[in-house]
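My questions will all concern the structure given below.
The values are calculated or read from the model by the stated rules, or taken from the named source; none is laboratory data. Since this is a predicted model, take the numbers as computed values, not measurements. Every residue, glycine among them, receives a Cβ derived from its backbone with ideal geometry; neighbour counts consider all protein chains shown. These accessible areas exclude ligands, DNA and RNA; they are computed on the full protein's heavy atoms, side chains included. Shrake-Rupley method; radii C 1.70, N 1.55, O 1.52, S 1.80 Å.
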Amino acid sequence: MKVLIATEKPFAAVAVDGMRKVIEEAGAELVLLEKYTDKQALLDAAADVDALIIRSDKVDAEVLEAAKNLKVVVRAGAGYDNVDLAAATAHNVCVQNTPGQNSNAVAELVFGLAVMMCRNMYNGTSGTELKDKTLGIQAFGQVGRNVARIARGFEMNVSALDPYCPDNVMEDAGVSPVHSVEQLYRENKVVSIHIPATPETKGSIGYDLIASMPKGGLLINTARKEVIDEEGLIKALDERQDIKYAADVAPARAEEIKERFGDRVFFTPKKMGAQTSEANINAGIAAARQVIAFLTTGEDRFRVNK
Ligand code: 3PG
């Protein structure tokens, strides 16, 4: 059994050590491809492996075609919009994710970004506090729930929108359920986005929603850049000089937006949300265990393709 870890953005070394242990103790061989810059390197490395562990690395039909022995792909993380699920199914490859394993790291970054934006990038001018402010969480999945937990410590008034989550689950977490996206944006000074990128969500957050935010509104996106309608974002930032946008997933037009809106916007240079040793260890080792379980027993509890 050969397991390839292919990560353009590598895991912390301590996570790789733990993954190696899980893989080698099961009698499998680990192949490591880190910081690769061209797709050919991935195609070559994947040619004879049984399993592939990735992060945001793209696994498309060409990769699946090249990986003749591939049986399972585990995305060490939550979002799997980087994997062509239909092509994987067509090649009889099981695709899995590791839900929840990196969600605290992402949630902590939300507050790192929020405080930085509220304190005017620490530029010495007078800023604002999070205490007693309204926070709207868009999707109450694993990250959204961690955001709500941390927000309690900041004494924020938290509400959330999630058509897939029963009201009582939110209420039990001290969160007020909201039932329309318009209400979420209209009523919350800080909105934090935690929806996946799907055909339905792509480009779904645009001018109308962003411009409807209360005075001094702050939009935080640690999800995917694709969920934002960038034209609408720019128009809203242009018209509403009081609104700020911070994202862990820089927009396609990041340079232009930074140029136009200065310190009212902030983008991490690389997706940093899950980039902690703890998240790397949790998601990486879970991925290694899932790979071994699948290859040895067929266990596929976290399968995301049909
Ligand atoms: C996820 O979907 O789990 C996060 O966006 C983290 O992605 P990364 O592993 O590429 O940092």
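So if I restrict to the alpha-carbon atoms in region 46-205, what is the Rg, and what is Dmax, the biggest pairwise distance, in Å?
In order Rg, Dmax, the Cα atoms of region 46-205 give 19.2, 59 Å.
Let me have the 222 nm mean residue ellipticity of the chain computed from DSSP H runs of 4+ only, each contributing -39500 (n - 2.57), with the sum over all residues rounded to the nearest 500.
Values: 12 runs with 118 residues, N = 306.
After summing the helix terms and dividing by residue count, I get -11500 deg cm²/dmol.
What FRET efficiency, computed as 1/(1 + (r/R0)^6) with R0 = 41 Å and r the Cβ-Cβ distance, is obtained for GLU278 and ARG186, rounded to the nearest 0.05? Before the final figure, lay out each step's value.
Numbers: r = 36 Å, r/R0 = 0.87.
Result of the calculation: an efficiency of 0.70.
Cα-based Rg (one decimal) and Dmax (whole number) for the chain, in Å?
20.3, 60
Which lysines, if any, have their Cα less than 23 Å from the Cα of LYS2, not counting same-chain residues under 8 positions apart?
Within the straight-line limit of under 23 Å, LYS2 reaches these lysines: LYS21, LYS35, LYS39, LYS58, LYS68, LYS71.
Where q = 0.21, 0.28, 0.31, 0.32 Å⁻¹, what log10 of I(q)/I(0) comes from the Debye formula for region 68-119, counting one point per Cα?
-0.76, -1.02, -1.11, -1.14
Let me ask you something else. Report, to the nearest whole %, how much of the accessible area of the chain belongs to carbon and sulfur atoms, 1.4 Å probe, protein only.
Details: 6990 of 13940 Å².
Of all accessible area on the chain, carbon and sulfur atoms account for 50 percent.
To continue, here is another question. Taking the Cα centre of each part, how many Å lie between region 5-33 and region 170-212?
Answer, in whole Å: 37.
Using a simple spin-label model with points 7 Å from Cα along the Cα→Cβ vector, what separation in nm is obtained for GLU239 and THR125?
Simple spin-label model gives 2.3 nm for this pair.
Same structure, new question: Taking 0.36 nm per residue of sequence separation and subtracting the Cα-Cα distance, how much length would be gained by fully extending the chain between ALA12 and GLU299, in nm to one decimal? Intermediate values should be presented prior to the final figure.
Working: separation 287, 0.36 × 287 = 103.32 nm, distance 2.69 nm.
100.6 nm is the gain from fully extending ALA12 to GLU299.
Please compute the modelled spin-label separation between ALA254 and ASN92, points set 7 Å along Cα→Cβ, answer in nm with one decimal.
Placing both labels 7 Å along Cα→Cβ, they lie 4.1 nm apart.
Counting only heavy atoms of the protein chains, get the accessible area per residue of region 29-91 (1.4 Å probe) and round it to a whole Å² value. Walk me through the intermediate numbers first.
Working: 2720 Å² over 63 residues.
Per-residue value: 43 Å².
Next up: Using a cut-off of 23 Å between alpha-carbon atoms, which lysines can reach LYS131, once sequence neighbours fewer than 8 places away in the same chain are excluded?
Once the sequence-local lysines are set aside, what remains near LYS131 is LYS189, LYS215, LYS244.
Right, here's the next one. Roughly how many Å² is the accessible area per residue of region 187-306, as a whole number, for a 1.4 Å probe?
Working: 5540 Å² over 120 residues.
With all protein chains present, region 187-306 gives 46 Å² per residue.
Could you tell me what % of all Cα pairs in region 158-282 have separations over 26 Å?
When every Cα pair of region 158-282 is considered, 24 percent fall beyond 26 Å.
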